[in-house]
Amino acid sequence: MAKPHPLLEVRQLRRPMLGPLSFGVDAGECLCISGPSGTGKSQLLRAIADLDPHDGEVRLDGEAAGTIKPHRWRSRVGLLPPESHWWLPTPGAHFSGGAPVSPVELGLPGDIMEQPVERLSSGEKQRLALLRMLSNRPQVLLLDEPTANLDPANTRLVEAVITRYRDSRSAAVIWVSHDQEQVERVGCRSLRLDGGRLREAQGTS
């Protein structure tokens, strides 16, 4: 019997100084990607999210990105960038369908949705951006160092929320991290990006 295709499949993806890269991520799997700064990890995630031009193909559950309307692709394949952007005065105004989990589960104040965005810290914005992305119920999470601005306690809360989401919805996760201990905690598999190419890394089970 043929093995089912991965939920997310990257085929011969190329960008300047990056690739060709081919790999897949199964439903319910967390693939961690590490590597030196400036090697293209963020570029890779943006290409998968169809935000930047690239060669090659990305497929979601067998469907090529080019056959899915861009706004639909970006809701099904959610990208959490290092810095979030907010265009309305309060966080709550950005959630048309409500938050998927309580902000308290991420160590945030219960009334944070009504607070002015301009008064929030970078760590608070980072966690709220995760909630905003999850509110679209994506099938794939592209996480670009989602805990970079957080202390250890809040880092563990974020890891727990993401893991619960992945497990409950059989989502595929690509998690970029420089923290090897985090990679070992959250990853099912690990790849290292260096010199524009990916190779298997050690340290995950």
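The values are calculated or read from the model by the stated rules, or taken from the named source; none is laboratory data. Because the structure is predicted, anything quoted here is derived from the model rather than measured. Backbone-built Cβ (ideal geometry, glycine too); neighbour counts: all protein chains shown. Quick note on the areas: whole protein, heavy atoms, side chains included, nothing else; ligands and nucleic acids left out. Shrake-Rupley method; radii C 1.70, N 1.55, O 1.52, S 1.80 Å.
Some observations on this one:
- Working note: Karplus 6.51/-1.76/1.60 with θ = phi - 60° gives segment 171-179 the couplings 7, 9, 10, 10, 10, 7, 8, 9, 9 Hz, where Gly and Pro are set to x.
- Each listed q (0.11, 0.15, 0.16, 0.19 Å⁻¹) maps to a log10 I(q)/I(0) for the chain from the Debye sum over equal C-alpha point scatterers, namely -0.50, -0.94, -1.07, -1.45.
- Over the Cα atoms of segment 36-75, the radius of gyration divided by the Kirkwood radius equals 1.01; this is the Rg/Rh ratio.
- Segment 6-106: radius of gyration over Cα atoms, expressed as a fraction of 2.2 N^0.38 Å: 1.22
- Comparing Thr90, Gly24, Tyr165 along the charge dipole axis of the chain, the residue lying farthest to the positive side is Gly24, per the Cβ-charge model.
- This model, with +1 at the C-beta of Lys and Arg and -1 at the C-beta of Asp and Glu, gives segment 28-87 a dipole about its Cα centre of some 160 debye.
- Working from Cα pairs under 8 Å separated by at least six residues, relative contact order for the chain is 30 percent.
- DSSP beta bridges in the chain [antiparallel fraction, %, rounded to 5]: 50
- For Ser96 and Glu114, the difference between the fully extended length at 0.36 nm per residue and the C-alpha to C-alpha distance is 5.1 nm.
- Solvent-accessible area per residue in the chain equals 49 Å², computed with a 1.4 angstrom probe and all protein chains kept.
- Modelled FRET efficiency - R0 30 Å, Glu181 with Lys69, Cβ distances, 0.05 increments: 0.15
- Residues in segment 49-57 carry Karplus couplings, in order, of 6, 6, 9, 10, x, 7, 9, x, 9 Hz; the curve used is 6.51 cos²θ - 1.76 cosθ + 1.60 with θ = phi - 60°, and Gly or Pro positions show x.
- Projected-area average for segment 60-153 over all orientations - Cα convex hull basis, square nanometres: 6.6
- Simple label model, 7 Å out from Cα along Cβ direction - Glu57 to Leu88, nm: 3.8
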